[in-house]
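To start, the structure under review is shown below, and the notes come after it.
The values are calculated or read from the model by the stated rules, or taken from the named source; none is laboratory data. Here the structure is a predicted model, which means the values were calculated and not measured. Every residue, glycine as well, gets a Cβ built from its backbone with ideal geometry; the counts of neighbours run over all protein chains shown.
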Amino acid sequence: MGAAVAAWPALLRRERLFYALVLPFAALVLVFGLWPIVQSIQVAFTDSYTALSPEPVWVGLANFERVLADPYFRASLGRTLLYTAISVAVNIAFALAYALLLGGTLIGRGNGLFRLAVFLPVIAPDVAGFIVWKWMYNQSFGAVNTLLASLGLPPFGGIADPATVLPALVVAELWKHVGFYTIVFLTNMTLLDPALDEAARIDGAGRWQRFRHVVLPQLRPEILVNTVYAVIQFLKTFTVVVVMTKGGPNFQTNFVSYYAYQKFDEALYGEAAAMATVLFAIVIVLAYGLYAWGERGAPR
Amino acid sequence: MSGPGRPGALARGLAYAIALLVSAAFLYPCWWMLVSAFRDTQSILTDPLRLWPERLDLAVLTKIRTIGGTDLSVFVLNSLWITGVSTAIAVVVTALGAYALLRRPGLPGFRLLRFGFLLTIMYPYMLLVIPVYIVIWQLGLLGTRTGIILFLSLGPIQFLLFDQFFRVLPKEMIEAALIDGCSELQVLARIVLPVAWPTVGTVTLVTFLLNWSQWFPVLVISRSPATYTLPTALLMLNSELGVDFQGIMAPATLTTLPVVVVFLLTQRRVMTGMVAGAVKG
Amino acid sequence: MDGRAMRLSRRFALGAALTVGVGFAGAVPAAELVIWHDLGDNGVNWFKEVAEHYRKVDPSVSITSVSFPTDQWFGKVIAALNTNTAPDLIFNNYERVIRIQTQTGKVMDLKAELPKEAGFLGPQDLQMATYKERMIIFPVQRVQMAFGARKSWLEKLGEPFPATWTDVLRVAAKFRDGDPDGNGKADTFGLALQAAKPRDLIHMLDLFTFGSGLSHTLVDPSGKVTLGEPCHKTVLVEFLKAFTDYGLVAPDTVNHSFGEMYQVIEGKRAGMFRVGDWNVRKWDTPEVLGGDFVIGTWPAFAPGDQTAVVIGGMRGVAVPENAPDRARSLAVAKFLLGPEAQKASLKYVGASVRSDFDMSDPGLSERRLQFAKPRHALEAYDFPESIHPWYPEVEAELHKRLLAAIAAPPEDWGAFVDQLAVEMQALVDAKRKA
């Protein structure tokens, strides 16, 4: 013990370069990462009215109890999970299918342009993009309904109808994010082993069978990575709600991060932090669970 | 039936049709934004689908000279300054941090730091910003560009990219240099840095693009539009005193165009860069 | 280091950095007072002129105003007051300042500071300014809201300005189906309303309620829920049907807040709408509506209704208890009641609390004079939030119920309202007990 303590200054001196290199990074992580998280969790256990005062009043689990008893929060959590599930499935499926199309032999010339097009929304600022989508869904002069009408199809409720708002947001966010997942797949598809596919073809395997038993297993790590990314991404859905729906219509898009932010704006810091903590826990459990599940099922 | 080695013309045609349709759908919103910036609100509302302005309505140039009483140039300069400086800090700080963490993973505190960082990127970002308000306030940086810049200097993708790069750096190279009597600092300067330039470039690009789009931290940390960036100013247009279409699409275009241009100039690098950060995840 | 000193030193550092270049060496840093409001460009211009007048009174003070969208204004003000980083002055509707007070407890009591010569403020103005015995604002602008209709559309379809709800239904249907703008497309609506947030929907209901001469939307001062009373019931049911059965509004109105509602109005899509005194200046300009609208009282729902233009609130200035320099803040707050600031307020924002000066001076249009020198009956909103502290919560609950009904319209609206009234009464009783 004493020896270990005595070794400290020596260690610090010997490795001072690496400690110096890491210091700014450590400072940023501490000040803008860990410390705020600790603060947030701490605030979740204090009375909102006093949370920011010098002597906050501790209220134990009262905020969590209030939040979990709030039917709008429970509904909000349900909508968030539902939205995440749909979005993850749709994004991964679309990205995989589109990557197979662009990564295959059918499209040669123009391939780079197609990749560019699908990736462009990823780098376009989300606020600007969603403002446009809000107009696209406008019931009276938006592109979606104008197009449907010109094709003689019935109008789409878009973000105005509680029944269609979820799919409407799924599509808008697909536009924004799917390029990323597609390129992840494409980047790794070039690494696929063509010999395996050829062998399967000689064995008389059909297109679907080859996809199911040759391509898919090889892409397993990318599917896992994409899924974890997408889960984290969509659980935190926020900007699209702020810009397009404000949680409506009829609270159908009142996702947890938006609801918590509204509580924060109303100075209900305790409840907002409690909601944040709940969502944090869900993200960790889901992300970790997916990884563990993916690692265990890996064919290696 | 198509014979082996000769994909049918039908299949090829279908594949192109799908790819073209998808691309058109993905490009359309951006194009519409650009076109609408040069049409007056009335004509946007009566003929929304037009793909080309009937005439170049340049009223927009005077219309967006100020937003909410603040000069447009303020937002442009803020965007450039905040994005530029936060990118520079992020690249330097994370590169050095990731290097140290990888070269000496066993040093006391290093493992903890890596774990702490991973925890940070798991926290719902939007909700992290709320306690950050309190921290920034405690630091006395509320309403300052410095506060915004510092907060934006910490991001997941930079770390993951550098981490991955240093991981595949051949160890023999470093060891050989150390045996030759180089100090660790010399190793960093003479061996690591020269091969790291391309990665530094990619990370810089990616960080710039990502930080340019940030609006929420900017909104939370600011105390007046004087420190708003372009995307944040865009949101402000949703005020109680009315909205005009062209007046929104013009600044939206102004917000989007710079990143699109940068992206088009550096496409492959940006795409592989952003994706590489994910694959490590 | 306290907040003021910190801000000053930072400003000093920044100022020094900026001014070194031009070789300026100021001896004393002038005090810069900051006002946070949500009035947009109109407010910014108003405060700019106020600042010019005020410089003659106290040359050491410069005034800067910052406009935020309303929801951001809330978040910013609450967070700033709670963290002792308050601005010098805040400006908004009295009920919003009440919310600031309930959530921070840091809005200064101005009772002892009210200038003696403020005789132009009536008892009702002062009641609105007072919350739990504290005068939380100086009333600066009465907020009047009238019913408006597109003039050229009425003329084209041969209709007079609608006086009753039956007129509104007929005219709205014509506006929707009769292509009043003559562009050959069915892209117009009868009414522009909003419903996204509690205050959006209930605010619109308030206007129809008070505009037809009734005195409470949801609850009376004794705590009795009024929704189920015959007259109220008619207004509520008809109001909801405008969204559903009648289909008189844009289909996405449920998502509309102020911004979107204005988009519909200013995009010349809606024939009838709310006209606030602060809207007219902008809507008179050729780029927006070019003055092509008529203003009147809200429609009557039953024969004999005393229809009126609604005084829907009071905007005023408040001083945070932790304002950096309270004495100077108070002096500016008082100045906003003076004739220069009031005249400028009428000119830029379209509202004031005094009219004891020459109206021809700001050069007001016909429509603006209707507000400046009211010629219609005025009915004041009852300001329940200054009587019942729990009112915002109950109102938010009502909003949720009404949204649900709009999303899935009940078979029998009457039964729905009766049931709603019973449930809201139970909620009110529970809140009063707590």
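Taking helices (runs of 4 or more DSSP H) that fall entirely within the stretch C:297-415, which contain at least 1 residues that are in contact (Cβ under 8 Å) with a residue 60 or more places away in the chain, touching a helix residue (DSSP H, G or I) at 6+ places or on another chain (Cβ under 6 Å) and aromatic (Phe, Trp, Tyr)?
Details: elements: C:326-335, C:339-348, C:366-372, C:391-407.
Qualifying helices (runs of 4 or more DSSP H): C:326-335, C:339-348, C:391-407.
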In the stretch A:171-198, which residues are of a type in the set (Gly, Ala, Ser), buried (at least 18 other Cβ atoms within 10 Å of the Cβ) and either modelled with pLDDT under 85 or closer than 24 Å to B:Thr272 by Cβ (or both)?
-> A:Gly179
Filtered residue count, the stretch B:37-65, keeping only those that are closer than 11 Å to B:Pro251 by Cα, at pLDDT 75 or above and within 13 Å of chain C (Cβ to nearest Cβ) = 1
Scan A:Phe185, A:Phe141, A:Phe156, A:Phe180 and give me the residue that is under 26 Å from A:Thr237 (Cβ atoms), within 14 Å of chain C (Cβ to nearest Cβ) and of a type outside the set (S, T, N, Q).
-> A:Phe156
Output the residue which, of all residues in the stretch C:260-296 that are of a type in the set (Gly, Ala, Ser) and without any contact (Cβ under 8 Å) to a residue 60 or more places away in the chain, is farthest from the other protein chains (Cβ to nearest Cβ).
-> C:Gly290
Tell me, please, whether a residue that is in contact with a helix residue (DSSP H, G or I) (Cβ under 7 Å, 6 or more places away or on another chain), within 14 Å of chain A (Cβ to nearest Cβ), in contact (Cβ under 8 Å) with a residue 60 or more places away in the chain and among the aliphatic types (A, V, I, L, M) can be found in the stretch C:127-136.
-> no
Pick from A:Ala267, A:Ala260, A:Ala230, A:Ala274: which is on the phi > 0 side of the Ramachandran plot, in contact (Cβ under 8 Å) with a residue 12 or more places away in the chain and not basic (Lys, Arg)?
-> A:Ala267
Starting from the stretch B:125-147, take each residue that is over 23 Å from B:Trp81 (Cα atoms) and list its partners that are modelled with pLDDT under 85 and of a type outside the set (Ser, Thr, Tyr), counting only C-beta distances under 6 angstrom and pairs at least six apart or across chains.
-> B:Ile130/A:Phe264
Mind checking which pairs have a first residue in the stretch A:16-39 that is within 7 Å of chain B (Cβ to nearest Cβ) and closer than 22 Å to B:Ser183 by Cα and a second that is among the acidic types (Asp, Glu) and part of a helix (DSSP H, G or I), Cβ under 8 Å, 6 or more apart or different chains?
-> A:Leu17/B:Glu184; A:Phe18/B:Glu184
Answer yes or no: is there a residue in the stretch C:105-122 that is among the hydrophobic types (A, V, I, L, M, F, W, C), within 14 Å of chain A (Cβ to nearest Cβ) and touching a strand residue (DSSP E or B) at 6+ places or on another chain (Cβ under 6 Å).
-> yes
Select from the stretch B:60-110 the residues that are touching a Leu at 6+ places or on another chain (Cβ under 9 Å) and among the hydroxyl-bearing types (Ser, Thr, Tyr) and list them in ascending order.
-> B:Thr66, B:Ser79, B:Thr83, B:Ser86, B:Thr87, B:Thr94, B:Tyr99
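Examine the stretch A:200-220 for a residue that is within 14 Å of chain C (Cβ to nearest Cβ) and of a type outside the set (Phe, Trp, Tyr), and state whether such a residue exists.
So the first thing to find is which residues in the stretch A:200-220 are within 14 Å of chain C (Cβ to nearest Cβ), and the list is none.
No, the conditions are met nowhere in the stretch A:200-220.
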Among the residues listed as C:Ala333, C:Ala377, C:Ala407, the single one being out of contact with any Asp or Glu (no Cβ under 6 Å at 6 or more places or on another chain) and within 14 Å of chain A (Cβ to nearest Cβ) = C:Ala407
Before we move on, is B:Leu112 free of Cβ contacts under 8 Å to residues at least 40 places away in the same chain and either of a type in the set (Ser, Thr, Tyr) or more than 8 Å from every other protein chain (Cβ to nearest Cβ) (or both)?
-> yes
Just checking, which of A:Pro155, A:Pro125 is of a type outside the set (Phe, Trp, Tyr) and surrounded by fewer than 22 Cβ atoms within 10 Å (Cβ to Cβ)?
-> A:Pro155
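Confirm whether B:Phe117 is at pLDDT 85 or above, part of a helix (DSSP H, G or I) and within 7 Å of another protein chain (Cβ to nearest Cβ). Spell out how you get there, then give the answer.
Numbers: at pLDDT 85 or above: yes; part of a helix (DSSP H, G or I): yes; within 7 Å of another protein chain (Cβ to nearest Cβ): yes.
For B:Phe117, the condition - at pLDDT 85 or above, part of a helix (DSSP H, G or I) and within 7 Å of another protein chain (Cβ to nearest Cβ) - is met.
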Log entry, pairs with first residue in the stretch B:222-235 being under 15 Å from A:Val243 (Cβ atoms), second being of a type outside the set (Asp, Glu) and in a loop (DSSP other than H, G, I, E, B), beta carbons closer than 6 Å, six or more apart or on different chains, reads B:Pro231/A:Pro125; B:Pro231/B:Trp215; B:Thr232/B:Trp215
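Between C:Val237, C:Val168, which is in a helix (DSSP H, G or I) and crowded, with 23+ Cβ neighbours inside 10 Å? Steps first, answer last, please.
Details: C:Val237 fails: crowded, with 23+ Cβ neighbours inside 10 Å.
The unique qualifying residue is C:Val168.
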Being crowded, with 18+ Cβ neighbours inside 10 Å and part of a helix (DSSP H, G or I) is the filter; apply it to the stretch B:136-147 and report the residue that is nearest to the other protein chains (Cβ to nearest Cβ).
-> B:Trp137
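Hey, does the stretch C:47-62 have a residue that's of a type outside the set (Val, Ile, Thr), in a helix (DSSP H, G or I) and within 14 Å of chain A (Cβ to nearest Cβ)? Quick ask: steps written out before the conclusion?
Restricting attention to the stretch C:47-62, the residues satisfying the condition of being of a type outside the set (Val, Ile, Thr) are C:47-49, C:51-56, C:58-60, C:62.
Now drop any that are not in a helix (DSSP H, G or I), which leaves C:47-49, C:51-56.
Of the ones still in play, those that are also within 14 Å of chain A (Cβ to nearest Cβ) are none.
So far as the stretch C:47-62 goes, no, none of its residues is of a type outside the set (Val, Ile, Thr), in a helix (DSSP H, G or I) and within 14 Å of chain A (Cβ to nearest Cβ).
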For the stretch A:199-256, enumerate the residues that are surrounded by 18 or more Cβ atoms within 10 Å (Cβ to Cβ) and of a type in the set (Lys, Arg).
-> A:Arg210, A:Lys236, A:Lys246
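Can you name the helices (runs of 4 or more DSSP H) wholly within the stretch B:166-268 that have at least 1 residues being more than 10 Å from every other protein chain (Cβ to nearest Cβ), within 26 Å of B:Leu141 (Cα to Cα) and within 24 Å of the chain's Cα centre (by Cα)?
B:193-213, B:216-221
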Among the numbered conditions (1) surrounded by fewer than 19 Cβ atoms within 10 Å (Cβ to Cβ); (2) in a helix (DSSP H, G or I); (3) within 14 Å of chain C (Cβ to nearest Cβ), tell me where A:Trp135 comes up short.
-> (1)
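This table checks each residue for (1) crowded, with 21+ Cβ neighbours inside 10 Å; (2) closer than 22 Å to B:Ala90 by Cα.
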{"residue": "B:Ala196", "(1), (2)": "no, yes"}
{"residue": "B:Val220", "(1), (2)": "yes, yes"}
{"residue": "B:Arg223", "(1), (2)": "no, no"}
{"residue": "B:Phe263", "(1), (2)": "no, yes"}
Residue that is nearest to the other protein chains (Cβ to nearest Cβ) [pool: residues in the stretch A:237-255 that are touching a residue at least 60 places away in the same chain (Cβ under 8 Å) and farther than 17 Å from A:Val170 by Cβ] | A:Asn250
Test each condition in (1) small (Gly, Ala, Ser); (2) buried (at least 20 other Cβ atoms within 10 Å of the Cβ); (3) assigned to a loop (DSSP other than H, G, I, E, B) for C:Ala149 and report the one that comes out false.
-> (3)
Among the listed residues A:Val118, A:Val88, which satisfies the condition of being surrounded by 19 or more Cβ atoms within 10 Å (Cβ to Cβ) and within 30 Å of C:Lys400 (Cα to Cα)?
-> A:Val88
